[in-house]
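Input: a single structure, listed below in structure tokens.
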Amino acid sequence: MDEKQENLKNYEDGEIILINKEIEWTSFDVVNKIRKMLTQHLKLKKLKVGHAGTLDPLATGLIILCTGRKTKKIDNYSAQEKEYIADITFGATTPSFDLETPIDCRYETKHITKELIEENLKKIIGVQAQTPPVFSAKKIDGKRAYESARIGKPLKMKTAIIDIKEAELISFSENTAKVRIVCSKGTYIRSLAYDFGKQLNSGAHLSGLIRTRIGFFLLSDAITLPEFVKKM
């Protein structure tokens with residue numbers, strides 16, 4: 001067995017794959033693509049492949065994929081703290097809290113300054129209750145919330161307890177704040193952006209998101225899907 005065949009065999013036994021997800025791909029798209037490639041190369045009918053922590057289609061960055069026996073560790077990886085770089089744009093809100101849906105309301109922004117943002121970022125640090133967006137993969141009565149939201153069905157989302165461990169302003173320009181956030185499992189950065197807009201007596205939505213870390217796994221160690229294809 002040559003080195004390439006041996007490496008492929010390892011995926012069947014159980015491997016961790018760090019992927020840098022591109023924009024507009026869903027987490028399930030990435031899993032399905034990797035599974036299809038591995039089953040073809042290993043000549044298997046099926047192979048367990050799963051991901052540890054969903055990223056929205058409009059978000060990019062680190063996804064942890066587990067294969068084979070390593071899928072038993074998915075919950076352990078999902079539970080670890082996450083780090084993100086978020087672009088929060090003030091002056092407008094959307095129903096999905098990001099750019100997946102059109103702007104529904106506009107707000108004043110003249111009073112928003114770098115100093116005001118930095119002062120209020122300190123206030124969001126800590127354990128708190130958060131309401132997930134209706135445009136999310138949360139299950140309500142057996143259906144994904146976004147399925148009902150897209151047809152205009154009213155939903156009551158249950159709050160969850162989250163922990164914002166760090167919130168640091170990187171830059172502020174043209175009504176958009178770039179913020180580094182370290183948080184617990186289950187945190188919706190879209191909801192954080194929406195709530196932060198209200199906190200500043202305005203409105204806001206998430207206009208960009210990169211996940212840079214999950215526990216001790218780093219985005220800098222991840223590869224893109226095209227790079228993974230080249231390894232096959």
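The values are calculated or read from the model by the stated rules, or taken from the named source; none is laboratory data. Please read these numbers as outputs of a predicted model, since none were measured by experiment. Please note: Cβ atoms are built from the backbone with ideal geometry, for glycine as well, and neighbour counts cover all protein chains shown.
Identify the single condition in (1) within 30 Å of I164 (Cα to Cα); (2) in contact with a Lys or Arg (Cβ under 7 Å, 6 or more places away or on another chain); (3) not assigned by TED's automatic domain parsing to the domain that holds L200; (4) not basic (K, R) that G14 does not satisfy, given that it satisfies every other one.
(1)
Could you grab the pairs with beta carbons closer than 6 Å, sequence gap of 6+ or different chains, first residue in the range 39-54 and within 18 Å of F28 (Cβ to Cβ), second one crowded, with 16+ Cβ neighbours inside 10 Å and of a type in the set (F, W, Y)?
A52/Y77
Just checking, which of T187, T212 is within 22 Å of T26 (Cα to Cα) and assigned to a loop (DSSP other than H, G, I, E, B)?
After applying the criteria, what remains is T187.
Restricting to the range 57-81, name every residue that is out of contact with any helix residue (DSSP H, G or I) (no Cβ under 7 Å at 6 or more places or on another chain) and in contact (Cβ under 8 Å) with a residue 60 or more places away in the chain. Working first, answer last.
From the range 57-81, those out of contact with any helix residue (DSSP H, G or I) (no Cβ under 7 Å at 6 or more places or on another chain) are 57-60, 70-81; that's our starting set.
If the condition is that a residue be out of contact with any helix residue (DSSP H, G or I) (no Cβ under 7 Å at 6 or more places or on another chain) and in contact (Cβ under 8 Å) with a residue 60 or more places away in the chain, then L58, A59, T60, Y77, S78, A79, Q80, E81 are the ones that fit.
Give the number of residues within the range 65-85 that are buried (at least 20 other Cβ atoms within 10 Å of the Cβ) and assigned to a strand (DSSP E or B).
6
State which residue is farthest from the chain's Cα centre (by Cα) when the search covers only the range 215-232 and only residues that are surrounded by 13 or more Cβ atoms within 10 Å (Cβ to Cβ) and in a helix (DSSP H, G or I).
F228
If you check S27 against the conditions, is it within 29 Å of G197 (Cα to Cα) and not assigned by TED's automatic domain parsing to the domain that holds D163?
On the way: within 29 Å of G197 (Cα to Cα): yes; not assigned by TED's automatic domain parsing to the domain that holds D163: yes.
Judged against the criteria, S27 is a match.
Conditions tested, residue by residue: (1) among the charged types (D, E, K, R); (2) closer than 30 Å to A167 by Cβ.
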{"position": "E24", "(1), (2)": "yes, yes"}
{"position": "F28", "(1), (2)": "no, yes"}
{"position": "L44", "(1), (2)": "no, no"}
{"position": "C66", "(1), (2)": "no, yes"}
{"position": "I85", "(1), (2)": "no, yes"}
{"position": "F90", "(1), (2)": "no, yes"}
{"position": "F97", "(1), (2)": "no, yes"}
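Taking the range 94-110 only, how many residues are in contact with a Lys or Arg (Cβ under 8 Å, 6 or more places away or on another chain) and either assigned to a strand (DSSP E or B) or of a type in the set (D, E, K, R) (or both)?
We begin by selecting, within the range 94-110, every residue in contact with a Lys or Arg (Cβ under 8 Å, 6 or more places away or on another chain); these are 96-98.
Right, trim to either assigned to a strand (DSSP E or B) or of a type in the set (D, E, K, R) (or both) and you get 98.
Number of matching residues: 1.
Hey, any hits in the range 45-59 for a residue that's farther than 22 Å from M232 by Cα, modelled with pLDDT of 95 or more, in contact with a strand residue (DSSP E or B) (Cβ under 7 Å, 6 or more places away or on another chain) and not in a loop (DSSP other than H, G, I, E, B)?
Here is the first cut: in the range 45-59, the ones farther than 22 Å from M232 by Cα are 52-59.
Narrowing the set further to residues that are modelled with pLDDT of 95 or more leaves 59.
After this cut, where a residue has to be in contact with a strand residue (DSSP E or B) (Cβ under 7 Å, 6 or more places away or on another chain) as well, the list is 59.
In the following step, the residues that additionally are not in a loop (DSSP other than H, G, I, E, B) were identified as none.
No, every residue in the range 45-59 fails to be farther than 22 Å from M232 by Cα, modelled with pLDDT of 95 or more, in contact with a strand residue (DSSP E or B) (Cβ under 7 Å, 6 or more places away or on another chain) and not in a loop (DSSP other than H, G, I, E, B).
In the range 26-49, what count of residues is obtained for those that are within 21 Å of T187 (Cα to Cα) and surrounded by 18 or more Cβ atoms within 10 Å (Cβ to Cβ)?
Number satisfying all stated conditions: 1.
Is it true that L62 is at pLDDT 95 or above, outside any helix (DSSP H, G or I) and not assigned by TED's automatic domain parsing to the domain that holds T176?
Values: at pLDDT 95 or above: yes; outside any helix (DSSP H, G or I): yes; not assigned by TED's automatic domain parsing to the domain that holds T176: yes.
In short, yes.
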